[in-house]
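Student: Take this structure, written in structure tokens, and hold onto it; I'll ask about it next.
The values are calculated or read from the model by the stated rules, or taken from the named source; none is laboratory data. Given the structure is predicted, the values throughout are model-derived calculations rather than measurements. Because the Cβ atoms are built from the backbone with ideal geometry, glycine has one as well, and the counts that use them run over all protein chains shown. When the accessible area is computed, the model is the full protein with side chains, heavy atoms only, and any ligands, DNA or RNA have been set aside. Shrake-Rupley method; radii C 1.70, N 1.55, O 1.52, S 1.80 Å.
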Amino acid sequence: MDKIRAGCWSVVALVVAQTLATLLSGDLAEMRVVGVLFNAAAAFSTYLVLRRPDRNRWPLVAWSAGFFGWHVTGLLTLAGVATTGLDAVFTVGSDPRLSILYQVVLTTLAGFAVHLLLPRPKKP
């Protein structure tokens with residue numbers, strides 16, 4: 001499997017995990033709808049890149065980088081380093097350790113997706 005397809009499948013795993021966590025959270029309905037819509041747009045971008053890997057994959061790189069930033073913000077919020085007022089959004093279930101583990105795993109997955117999807121210079 002080449003790096004582009006591995007990056008795409010990383011984004012698929014990321015989107016599925018985020019969507020399930022969003023739907024199972026007790027957040028406001030508006031936040032759940034926005035989360036599901038963002039994940040659906042990222043899934044569509046992934047579908048387009050999987051269909052034609054030779055095409056522009058920058059939108060998918062941007063989605064992955066955005067998800068990376070989102071989960072880093074979640075980690076900082078749950079650790080008490082930053083005060084965002086989004087504690088309820090970043091909390092998964094009632095166990096803070098589970099929430100931190102979730103944020104760590106998805107931050108790592110998003111970081112790898114960005115790394116795999118970035119274009120490489122041509123070798124001479």
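Student: Quick check for you: with a 1.4 Å probe and neighbouring chains kept, what is the accessible area per residue of the chain, in Å²? Numbers along the way, then the final one.
Tutor: Values: 7640 Å² over 124 residues.
The answer is 62 Å² per residue.
Student: Expressed as an acute angle from 0 to 90° and rounded to the nearest 10, what is the orientation of the C-alpha long axis of helix 3-24 relative to the principal long axis of the chain?
Tutor: Once rounded, one gets 20 degrees.
Student: Leaving ligands, DNA and RNA out of it, report the carbon-plus-sulfur percent of the accessible area of the chain at a 1.4 Å probe. Please list the in-between numbers first.
Tutor: Working: 5360 of 7640 Å².
Carbon-and-sulfur percentage of accessible area, whole number: 70.
Student: What is the angle, in °, between the Cα long axis of helix 96-117 and the longest principal axis of the Cα atoms in the chain? Nearest 10 is fine, range 0 to 90.
Tutor: 20
Student: Which trypsin sites (Lys or Arg not before Pro) in region 37-124 sit in a loop by DSSP (not H, G, I, E or B) and have at most 10 other Cβ atoms within 10 Å of their own Cβ? Working shown, then result.
Tutor: Details: sites: Arg51, Arg55, Arg57, Arg97, Lys122; in loops: Arg55, Arg57, Lys122.
Counting only loop positions with at most 10 other Cβ atoms within 10 Å, the trypsin sites (Lys or Arg not before Pro) in region 37-124 are Arg55, Lys122.
Student: For region 68-113, just say rounded, prolate or oblate: build the C-alpha gyration tensor, square-root its eigenvalues into a ≥ b ≥ c, call rounded for a/c under 1.5, and beyond that prolate if a/b exceeds b/c, oblate if not. Provide the component values of the computation, followed by the final result.
Tutor: Values: a/c = 2.17, a/b = 1.34, b/c = 1.62.
Because a/c hits 1.5 or more and a/b fails to exceed b/c, region 68-113 counts as oblate.
Student: Just read off the accessible area of Tyr47 with the full protein assembly in place, 1.4 Å probe, to the nearest 10 Å².
Tutor: Using a 1.4 Å probe on the heavy atoms, I get roughly 120 Å².
Student: Taking the chain as the reference, fit the longest principal axis to its C-alpha atoms, fit the long axis of helix 29-51 to the helix C-alpha atoms, and give the angle between the two in degrees, 0 to 90, nearest 10.
Tutor: Roughly 10 degrees between the two axes.
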